[in-house]
Amino acid sequence: MWHLGRAIAFCFLLLCPCLLSAQPPSVPADLVVSLPTGTTSLDEIGLYQVSYRYDDGRSGTMPIGWSGFFTEDTGIACEPFGDQNGKKAFLLHPIWRGGTGDTDQTFWLRLPRAKRILLRFSIAMRQGFTGPHLSDGATFRLFINGQKKLDENKTDSTWTSYQFDLTPYAGQIVTLRFETDPGPKRDPSFDYALWGDREILVTGGPAPSPPTFHPDPASLLLRRTTFGSCSPTYTPQSRYRLQAEVTSHPKTLFDGWSLVLSPRADSHARLMPPIFVGFGATITFVTTDGQLVRSDSPQVRLLSLTQHTDPATHSVVRNAIYAVGDRKVRLQAVLSAPSGHAVRLDLRSPDPYIAAVDFGRLGPVAFVRRIVVPYLGTVDYFPQLGLYANTIGDFVLSHASSFDGTTAIYGPLTNGQRNALQETVYYALSNNLRDVLPTPPNPPSPYLKLMGQFVVLDVWGGRFTDNAAWLRELATYDLTHLLTIVHVWQHGGYDNQLPDTVPANADLGGDEGMKVWTHTAESLGERIALHENYVDFYPNAPSFTWNDVARDSQGNPQPAWKNIIQSYALAPTAILKYAKRITTLVQQHYAPNASYLDVHSSVPPWWHVDFQAGRPGAGEFHTVWEAYKALWQLFRQVHHGPVLGEGNQHWRWSGLLDGVEAQFGQGVPINGGEEAPLFVDFDLLKIHPLQCNHGMGYLERWLPQGYEGFWWQRVPPTKTLDQYRMEEIAYGHDGFIPSQLVRNLAYIWQEENLLWPITSRYSTALPQQIRYEVDGKLVATEQAIAAHSRFDRVFVAYNNGLRIYANARDSDWPLAVGRQRIVLPQYGWLVLGKDIIAWTARRQGVVADYLRTPNRIYVNARTDVAGPIPPLAVQPSVLSFQQTGPRAFRIAFAWQVGAPIPQGDLVFVHITQPGLEEHEGIVLQPDSGIATPPDRWPLGTVEGSPVAITLPADLKDGDYQIKLGIFSPQTGERLHLRGDDDGSSRIIVGTLHVADDGRVITLTKDTKTSAVPQALLEAHQNVKAVAISFGPVRTNGSLRLKRQKAGQWVLIPFPRDEAFDVTLVLSDIDPLWRQGVRITALNTAGAPIGRIPVQLRVHNGALQATFRVNTVPNAVAYLLVAAPSKP
């Protein structure tokens, strides 16, 4: 609905003079924010001024409410910066481009009359970014009404907290200015200056007002807007209507466009002030001499502006001509009437002299909280209004080179010219979060149902025939719902000689070995995909030619991934040429029934745009979009099955392929898996209906340690693995076996038996209800956001009746299910459906697993589960240290030995330089001083002789770590020892301090231990082997019962190498077992090899059968049939 000619000072790119003033008055009335009673986070205030001052006197201001990271001209940053050590961090980075100086953020706050008002915050540097060659610290300052209250230089990442009493200012307007500068040395390098948990606590003031708008009933049956493409869907029965208001006498191209929400029953009711469309937006023009100037620069003038309405398209059309120096630039802006809860803006120019358009956002408003949305990014929430806002650039219709947030960038081609501007953007404003989320503009995957049947096995090594044998071994446990991704198989090895792959790597088994592997998978009813890559073009590839390398604006080859040698970006226009030939060969040689494309789905469409003038689509990321779309379609056709890929920025591509390893990276950072909220709305509403993703990302990209140390061997504790699985289920993903666990039978047994019966039920289902637990109640998403929920307990109901509960909170969540009480521990979950119940729950004080469907029962008492290998009871230390001269010292080591050491293993000593990546940081490898081989060491303390060490002449002053370990010379593998492990099975025993050009050498001993605490190692494990009653089954082991037909089931036990007891409540499993059951042991061929004694008894009115498994040699399964009726 349009409203024209309202007497409101609307604006779009140019704000009213009071907002744009370079020298704002001491108390600008338009920027004063009235604080409510309670706690207000300063990071959620939307009206503030960011300014900067160079040391040489230059200064400037940013648009009101500006938030950004490392501007091109000054390098300043002002934005929320995630969490650090339990506090919300806000980054205010000093100037570092074109000189240095301070960055300021100023608030004007009206304080209520209250009993007490406190300002609280902490300061710290970013963790991991201080020290030699990094930041030397930054200075933090606070000014209250111009008076300096804090002036502190900070050099470490430990939070220092402060509190200031603002009670004397109650009832007044107070000015707060937060300032950071590079410190006394004026070195801004890596000065990530963080303000933590900035908040004002008001007590004894007037009660705060409730939000103006309230969410609609939580119907998740959303409707597409008339705009289509990437525009957000909306709630069709919303109680509110979005209206656009346009001034009839605009002063600039974007002046006077705004949005309001009004009750559908009374569209004239004014509940809110208008919110400007494109607040803070700018256009960057190119002058005749190639300089870039913004639309708010004095060098830019508006020559003419016309406006008219177009009834046929329900839009307002404006045509403008700008003078940019001596150059004229024509622009047309078309604002379409609202559809749903969004408006559409189309901006076009026939003149190729525009370098960028920042479409801004909806604002300004007094309070803005940026809601982190996993897999998307952030969405604005206006808490006082109860509204959500988002600016969505349409990446399908864009002609830009790239997007950066809300900015469309048009880079120059190699001939210096730019493409003409053509952009579409949606501004969404709603009382419902779901109405402002973008929509992937793609059809759903044709393999949704199929993908729900599998757990993905992620294989990164091993000989092909060995991996085939492993699949056959897993099949003896009936673990065949597997889709294997083969990452390392190419003839040149991993990430080498790409895109050429065929023939298969000879060292790993060659073509014949690969055929054995793919045939084995298919014969077991599984799927198998081979890793390919059409992004990285390696100069050592047989197919390589510089003619097909993407170029940057200067004509240089664009570098891509570097592994062994540098690769370059394959031009998007050449991708299909190579893919058609190479992947067809892959299918002809090995006949895989699925496929995998690396990189493509993990990056945005503007990855490796080709700027080579004369090539089709040069300088437009739309060319990449179309090439990737065609590539996935080709792979589906060639390999007759689903296409999998890498996750991160996959939401845009969803549906064009069939699944990715769903790593974080948008909203939640990479390696943020353990801190990720169970905020599932975007994933379930927008991605899940289009493709079935698997896992939560590679373990090394989910765990906080990332790629530190020997990441490929890092297995977290059982409880952490439970968290990973709980997230899989809450987010609606398939199961996933990470590379670190592909040979961990306990994990595969658990993951497949639990996951695929669940995923097969939700892979094609749509979420019907999403609720979060707040103060004991399940509430809608919007209520949870308003209550500052941590999103640590979630309930999801699907349209097929499936219901899921997941608990990430560090306390139990008891749930009533019929007459049962199921207790979910932290990282526990519950799935209920018309034909399924499954859980990881606390039972008899022990965390256990259970799943039951009409034809399947799985129980796991968790006496054998996956977890890290505990360190060997052997620990090195420094026995003695003495400097003997310049650059020389003598050192002796001791070993506390509490366990035998494998035969043939040897000791190593590394002196390493922190931060040096090459050769594991090693700068010196001295002798250990112990001649006796470790496998002959006695238990107790083993002391070595002093070793004389001379430091190299070119070794600089600084700190160096001394690390010891034990390794196998045959395999190169290191033992996992006790002590301060650096992550690569090397124990840090001390830090060497070298000063005064080596004349002074001292040592600080390291006696810390990095071992996982025993309590965490044992958490979620049944260490006492308690027999758990699951209802129909009681055992202290694990088993799976599968129904063959009425009265006949097959039982597979786990583990197989230890005998344990099983008790079955017969009538609870099969009504034909009323008289008892006969049990026969089976071998791998399914042939009977012995009978199992069964003890029958009646307990609580039910017939029970007790027997012991794993007592018959070579038995892998047990056939259970009804005992014959007695005459």
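Of the residues making up region 976-1010, those that are of a type in the set (A, V, I, L, M, F, W, C) and crowded, with 18+ Cβ neighbours inside 10 Å are Leu977, Ile987, Ile988, Val989, Leu992, Val994, Ile1001, Leu1003. Residue selection: Arg198 satisfies the criterion of being assigned by TED's automatic domain parsing to the domain that holds Cys78 and in contact with a helix residue (DSSP H, G or I) (Cβ under 8 Å, 6 or more places away or on another chain).
Each row is one residue, and each column tells you yes or no for (1) touching a Cys at 6+ places or on another chain (Cβ under 9 Å); (2) basic (Lys, Arg); (3) closer than 30 Å to Leu977 by Cβ; (4) part of a strand (DSSP E or B).
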site	(1), (2), (3), (4)
Leu1017	no, no, yes, no
Ala1025	no, no, yes, no
Ile1052	no, no, no, yes
Ser1067	no, no, no, no
Gln1075	no, no, no, no
Arg1091	no, yes, no, yes
Val1098	no, no, no, yes
Tyr1118	no, no, no, yes
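Of all residues in region 712-737, those being aromatic (Phe, Trp, Tyr) and surrounded by fewer than 18 Cβ atoms within 10 Å (Cβ to Cβ) number 1.
With the condition kept exactly as written, say whether any residue in region 664-679 is more than 12 Å from the chain's Cα centre (by Cα), closer than 21 Å to Val796 by Cβ and not in a loop (DSSP other than H, G, I, E, B). No, the conditions are met nowhere in region 664-679. For region 928-937, the condition of being free of Cβ contacts under 8 Å to residues at least 40 places away in the same chain, surrounded by 19 or more Cβ atoms within 10 Å (Cβ to Cβ) and hydroxyl-bearing (Ser, Thr, Tyr) holds for at least one residue. Inside region 579-613, residues that are free of Cβ contacts under 8 Å to residues at least 40 places away in the same chain and either part of a loop (DSSP other than H, G, I, E, B) or among the basic types (Lys, Arg) (or both) make up a count of 1.
Here is a yes/no grid of residues against (1) within 25 Å of Val456 (Cβ to Cβ); (2) surrounded by 16 or more Cβ atoms within 10 Å (Cβ to Cβ):
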position	(1), (2)
Leu530	yes, yes
Asn547	no, no
Arg551	no, yes
Pro559	no, no
Lys562	no, no
Arg581	no, no
Thr584	yes, no
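Taking Asn419 as the residue in question, decide whether it is out of contact with any helix residue (DSSP H, G or I) (no Cβ under 9 Å at 6 or more places or on another chain) and either in the same structural domain as Thr233 (by TED's automatic domain parsing) or of a type outside the set (Lys, Arg) (or both). Taking the combined requirement at face value, the residue satisfies it.
Against the condition under 24 Å from Trp257 (Cα atoms), in a loop (DSSP other than H, G, I, E, B), of a type in the set (A, V, I, L, M) and touching a residue at least 24 places away in the same chain (Cβ under 8 Å), how does Val365 come out, does it pass? Against the criterion (under 24 Å from Trp257 (Cα atoms), in a loop (DSSP other than H, G, I, E, B), of a type in the set (A, V, I, L, M) and touching a residue at least 24 places away in the same chain (Cβ under 8 Å)), Val365 qualifies.
The residues on offer are Ala265, Ala281, and the sole one that is small (Gly, Ala, Ser), in the same structural domain as Ala342 (by TED's automatic domain parsing) and crowded, with 18+ Cβ neighbours inside 10 Å is Ala281.
Considering only residues that are farther than 30 Å from Val27 by Cα and not in a loop (DSSP other than H, G, I, E, B), look in region 81-134 and name the one that is farthest from the chain's Cα centre (by Cα). The residue in question is Thr130. Of the numbered criteria (1) surrounded by 20 or more Cβ atoms within 10 Å (Cβ to Cβ); (2) over 27 Å from the mean Cα position of the chain (by Cα), the one Thr439 fails is (2). Counting residues in region 801-811 that are hydroxyl-bearing (Ser, Thr, Tyr), over 16 Å from Val680 (Cβ atoms) and touching a Pro at 6+ places or on another chain (Cβ under 9 Å) gives one or more.
Only one of the numbered conditions (1) modelled with pLDDT under 95; (2) in contact with a Lys or Arg (Cβ under 6 Å, 6 or more places away or on another chain); (3) of a type outside the set (D, E, K, R) is violated by Ser189, and that is (2).
Do we have any residue at all in region 392-403 that's crowded, with 22+ Cβ neighbours inside 10 Å, within 30 Å of Asp792 (Cα to Cα) and not assigned by TED's automatic domain parsing to the domain that holds Ile64? Yes, the conditions are met somewhere in region 392-403.
Those strands (runs of 3 or more DSSP E) of region 137-180 in which 2 or more residues are of a type in the set (A, V, I, L, M, F, W, C) and surrounded by fewer than 16 Cβ atoms within 10 Å (Cβ to Cβ) are absent. If you go through region 181-211 and pick out every residue that is in contact with a Leu (Cβ under 6 Å, 6 or more places away or on another chain), more than 20 Å from Ser34 (Cβ to Cβ) and surrounded by fewer than 23 Cβ atoms within 10 Å (Cβ to Cβ), you end up with 1. The criterion of at least 1 residues that are among the charged types (D, E, K, R) is met, among strands (runs of 3 or more DSSP E) falling completely within region 861-932, by 888-897.
The values are calculated or read from the model by the stated rules, or taken from the named source; none is laboratory data. Note that this is a predicted model, so its numbers are computed, not measured. FYI the Cβ positions are ideal-geometry reconstructions off the backbone, even for glycines, and counts take in every protein chain you see.
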